[in-house]
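Take a look at the structure below.
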Amino acid sequence: MKKKYNAQQKEAIEHDDGTALIVAGAGTGKTTVLIGRLQHLIEKKLAGTDEILLLTFTEKAAGEMYDRAVEILPYGYVDLWINTFHGFCERLLREHALDIGLDPSFKLVNDTEQWILIKKNLDKFNLDYYRPLGNPNKFIFELVKHFSRLKDEYIEPKEYLQFVENLIQGGDQMLSGRQITSHRSIKLKVESKNVILNEAKRNEESREVKVKDNSTGSFSAQLADQDDMSSQELSRLEELANAYHAYNKLLLDNGYLDFGDLINYCIKLFQERPNILKYYQEKFKYIMVDEFQDTNWSQYELLKQLVKSHPPEADQSKNNKELLIEKSIKSKVNKKKIENRKSKIENSNLMVVGDDDQAIYKFRGASLSNIMQFKEDYPDAKEIVLMKNYRSGQNILDKAYNFIKHNNPNRLEVKLNIDKQIKSQIKEKGSVEHMVFSQKSEESVWVAEQIMNMRENNPELKWSDFAILVRANNTAQEFVDELKRKNIPCLFYSMRGLYYKPIIMDVLAYFKLLDNYHESSALFRVLNMEAFKVGHADIININKFARKKVWSLFEALQHINAIPDVSAEAVSNINKLLDLIRKHSLSAQNQKPSQVFAKFVWDAELNKKDFDAEQEYYSYLNQFYKKIKSFEENEADARVKDFMEYMEMELESGETGALRLDFEDDDVVRVMTVHGSKGLEFDTIFLVDLVDKRFPTVNRSEKISIPDALVREKLPEEGDAHIEEERRLFYVALTRAKNNLFLTSARDYGGARDKKPSPFISEALLNSPLEGSTPEGGGVLRSPKEKTLNRDSDDNTLPATADPSRKGNHKNKYELMRDLELINQPVVKKECTYKIPKNFSFSQIEAFSNCPLQYKFNFILKIPVLTKDAFIYGRVMHNTLKDFLAPLESTASIQPDLFASVENKNVILNEAKRNEESRESRNGDGILRCAQNDNYKNKLAQKNLKEAYEKHWQNDGYESKETREKYKKKGWRELKMFYEYLEKEGWPEVLFLEKVFSFKLGDYFFRGAIDRVDRLPDGSVEVMDYKTGNAKEKLTYQQKRQLILYKIVLEEAFGLKVSKLSFYYLENGTKASFKSTVKQEEKLKEEINEVIEEIKKCEFLPKPSMLCSFCDFNSICEFRQ
């Protein structure tokens, strides 16, 4: 039965000859057009089934198109070429790899495998700038992204190397006489210093700026010598070019290709083997491309080669790539214009379908300029605009259209002077509402309640008719939790995160134990599994006994029957666990990891849960089992230890595990990111968390950017590219809704201040979309006095933004009614079963503030952790500096403040006595004792610093011998800078070194140690704290808190006047100083007391953040970010 098409669809489907640009707005049936045209071409015998190439972007989209194509074909088919770009190129390379010297059995590697490959071969990259000693793997992922972006732009290693070589050889001129592979050369003269300094400026903006000593009035953000800056930037670019070359050589040596290679080697195949290119040009009579706005530069270049074309009338010796290189260089160096040349395309049956307003994959390398300049490349291309929408109500479409016009003039509608205002073809007009809440928790509760109410009031609605859209994955969990609390079936639609699922983390922890019984953090995780559950009180008793006996946690478990105060249930579960570890350890040595995994699942009875009720649980186990089997395919003799080494590298790279959604077709509410919703539609959409800095997000520029002169993509000359991309993403979210669209936001998301509204709310809901507007209250979320259209009426009488209190007394229901229900209920005080520390330290306060769960692991349960290289090194440096400066330390006693508390006086006097005894014992240690005088002219010798360093150096505990030696060289370099700093700035009058104190703050005692206190000429003192990292561009209050606390101690307990607080950064030999205010000091006291009160409540809830990657317990924490 023939499908009915509207006029624009029919015109596109029956377009038989020539190039065409189909601008397909949201919900206008672009897939229908593509499949309809495929059917038309075959039925009219204009092409066979194997003579039409249809390209799209995702495997899912390609699969769906293939299925629809099979359904409409009236007879059998020979071969359908419906592929993703990468799938198409892989197919060609498997067939023709030998023609360009490749192995046709190449292995395709993903981002994680690229990261692992580089890590394993890091010594071959000769990195310096991008290999910081403290974390040599820090930039690997950024390098992978950089290499990927280079391939998106079809920049080969030799071109990158040539670019840098020209910079180096050019002296004061860049690209002077630069040769490009052709019979001609581009002779453009540009001052290389300006180019290099511009690149340096861009690079500097994407990383931390180092700060000089504020006390001397100099600033590290300023580079005094431009020649030095040019030299440093040249070294950086040269390092990147060489790394790119080494990476590609590494791929070829191992028989690997990455996804960018698939496209670029196809381009190379067509360039170097014109007979093969001619074959495919003649084979594919028609080429169609879906989602053309998501193509990158290389993919578009591939398309241009595939279509039949004649060379340009002028400069026929140059190929397409050279012309674009020349154009790119011309645009960057701003020299004399090069004549714009356009190929005249004949008989090119290329049809591209896309919508510039839905271009949302810039972060993947997509080039919006492709669709924007398509008509420039193909001026005779026919334009067809699909404007009839079969998804959404007109009210929703109008709001979305008025909103996206804020991206003008960088839109096709403006550039091509076409009309893109979509017209709805459904009866329902749709409603748009903005709901404002006081707190985030109220927002998630209301969304869940609204879904329940709407479904109850309309029996025709299914759970799958609702979707909650978030900007980022990490904001979805609260909505998922609320849906589950109300027993609403839901699915968090994430394509990553298998390794973070609790059951998979349990399995990984158990596998760690099979390799190393003494992995205490992994053992703690396993002891919390349902199969071996041991309560926290028992864990604390076991840890206490282990410390007493100087045992590891595992050794303590082996003597569990001898440990007092451990429950019988815990003893039974521990013995069960020990039996399984002994049994499976033997299996791990001679059986495949998949076999050990299956035995563990069976023996630990992980397969005893109800299958129907726990389908996701079983799906995760099955997916991980397949992951292990996949690993074994490449490693035939692999054992558990090999698999765990691979997993450690995957996790270290940031990989979270591909997640297949086995139940995505079930009747459940979807919770997903806006990116994940592309191509989907729902009756009702809740677009949540609409506050500033969340949507739109803060622009995060590439940490390693491509030099401007190499970029091929044509960038817009005006507008904010990041905001415009975010605006397109918001537009995609709006156009997913059929009938109901709710925009929700809250004032309080847990920060110190109310959140400002997303500026997109005003843009989307104002009747006059191009007029700016500021919500009431100076931008803080209020209820703007604006209107929206009602679903069933054309009048504008209903407020677009509403407080839930105006909808069925919702606010009363969730605040007053809730409180009324609690009035007659007795207050049950939760008893704390943990032993809270009697004394606190600043590190405890910081740990709890960062994450209460981390505090629990570290200071309550006291789970042992491995000492990190950086910690060993930091201790060595602190001890060295203390020993070296000891002769300068004053012997004068410090009288406690007469008005200090009695407790603090006694503590300080005892500490002073111990310091005197310690000082006396230092006189015979072989370190030069200089006579102290007013000007400290008799300074210490550098050899004394060297002696102290050798004395305190620690050889043990480093990751490798290589790492240890690098740290040792780094340490001496930094100590010499420290000595030079003292020579330049003057030797201090040291009052205290590593001053240990115990101080009562409010009702609590604080303990700590101050690195150094110096007496200044005016009698006041300066507090100095050593930092082994780089200087900060600007010190925040959070970073200042530790020194502010030290000031409080010295002034209130010791009676000293502190006039300066300073950090000395060993990494670059600089100092940053500041003064605290009384307001900051009082604020800190309040914060400390508040934190301690929270600690005493024993509610150690997780607080996921970017700090999770540095946490000692991230391998056992399922809440890690």
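So which of Lys678/Lys756; Lys703/Lys1027; Lys1027/Lys1075; Lys60/Lys629; Lys693/Lys755 end up more than 20 Å apart, counting from Cα to Cα?
Table pairs above 20 Å Cα-Cα are Lys678/Lys756; Lys703/Lys1027; Lys60/Lys629.
Figure the gain on full extension for Lys285 and Ile418 (residue separation times 0.36 nm, minus the Cα-Cα span) and round it to one decimal in nm.
That pair, Lys285 and Ile418, stretches by 45.0 nm at full extension.
May I ask for the equivalent-ellipsoid semi-axes of the range 498-652, computed as the square root of five times each C-alpha gyration tensor eigenvalue and listed largest first in whole Å?
28, 18, 13
Beyond 22 Å between alpha-carbons counts as too far, so tell me which of Lys548/Lys838; Lys440/Lys484; Lys427/Lys462; Lys544/Lys599; Lys151/Lys415; Lys1060/Lys1083 fall in that bin.
Check vs 22 Å cut-off fails for Lys544/Lys599; Lys151/Lys415.
Return P(r) of the range 940-1053 (all Cα-Cα pairs; 10 Å bins starting at 0; whole %; ordered from short to long distances).
Per 10 Å bin, starting at zero, the Cα-Cα P(r) for the range 940-1053 comes out as 10, 32, 34, 20, 3 percent.
What is the set of long-range amide H partners of Thr84 at a cut-off below 5 Å, with H atoms built 1.01 Å from backbone N?
The list, which skips near neighbours in sequence, is Thr56.
Just the Kirkwood number for the range 626-710, please: inverse of mean 1/r across all distinct Cα pairs, in Å, one decimal.
18.0 Å is the Kirkwood radius here.
Given the Cα-Cα distance of Ile72 and Lys629 and 0.36 nm per residue of separation, how much length would full extension add, in nm?
196.7 nm
Can you give the Rg to Rh ratio of the range 655-748, both from alpha-carbon atoms, with Rh computed by the Kirkwood formula?
Using only Cα positions, Rg/Rh for the range 655-748 is 1.05.
Which residues' amide hydrogens lie under 5 Å from the amide hydrogen of Ser424, considering only partners 5 or more residues apart or on another chain, with H built in the peptide plane?
Asn389
Checking the a/c ratio against 1.5 first, then a/b against b/c, what shape does the Cα gyration tensor give for the range 401-463? All intermediate terms of the calculation are to be shown ahead of the outcome.
Numbers: a/c = 4.44, a/b = 1.78, b/c = 2.50.
Since a/c reaches 1.5 but b/c is at least a/b, the shape of the range 401-463 is classed as oblate.
Throughout, read-outs are computed from the coordinates displayed, never taken from laboratory work. In this text, all values refer to a predicted model and were calculated from it rather than measured experimentally.
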